[in-house]
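Novice: I'd like to ask you about the structure that follows.
Bear in mind these aren't lab numbers, they're just calculated from the coordinates by the rules spelled out. The structure displayed is predicted, hence computed values, not measured ones. Please note: Cβ atoms are built from the backbone with ideal geometry, for glycine as well, and neighbour counts cover all protein chains shown.
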Amino acid sequence: MKKHQTYNDGVARFYTPINDAENGERPDMVLGNPFLSLRYQNRTVGLRRMAAIKELGQKVDNLIRVQASDAVRKVSTQTVCVTSDGARFDVKRLQDVTDATPRSVDIYLERTELP
């Protein structure tokens, strides 16, 4: 039986960083308007997941679950996510969840220092 998911932990906003620097200057990445806002559920990064992530040479500070949709497919590893508490994260990985209803996607996040 599939697990019923709720997305009551907040709203995540997804941005594509924009280089605001003049031509030839050092890149100055800023966030414009979000291209997507989704309700999410906080998830726990378990020991097995953490070990698998470390094997890939990645770091994960947060894991959220969102409802799957065509719009979620626009989220990529070039995307920045801002959660309800104002924390900013780089998207590191997306993974379809097959044992949940409604269809869901886990998004692995790494904290970023982007202004």
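Novice: Just to be sure I understand: with springs between alpha-carbon atoms less than 10 Å apart, which residue in T77, T98, T16 has the highest mean-square fluctuation in the Gaussian network model of the chain?
Specialist: In this elastic network of the chain, the residue with the biggest mean-square fluctuation among T77, T98, T16 is T98.
Novice: Here's a follow-up. Based on the alpha carbon coordinates of the chain, what radius of gyration and maximum Cα-Cα distance (Dmax) apply, in Å?
Specialist: 15.1, 56
Novice: May I pose another question? If exposed means no more than 14 neighbouring beta carbons inside 10 Å and the site is in a DSSP loop, what's the longest run of the chain without any exposed trypsin sites (Lys or Arg not before Pro)? Let's see the in-between values first.
Specialist: Numbers: sites that count: K2, K59, R103.
It works out to 3-58.
Novice: Based only on other Cβ atoms within 10 Å, what is the fewest-to-most ordering of I64, I53, I107, I18?
Specialist: Working: I64 22, I53 18, I107 25, I18 12.
In order of increasing Cβ crowding within 10 Å: I18, I53, I64, I107.
Novice: Quick one: dipole size for the chain, taken about the Cα centre, charges +1 on Lys/Arg Cβ and -1 on Asp/Glu Cβ, in debye to the nearest 20.
Specialist: 660
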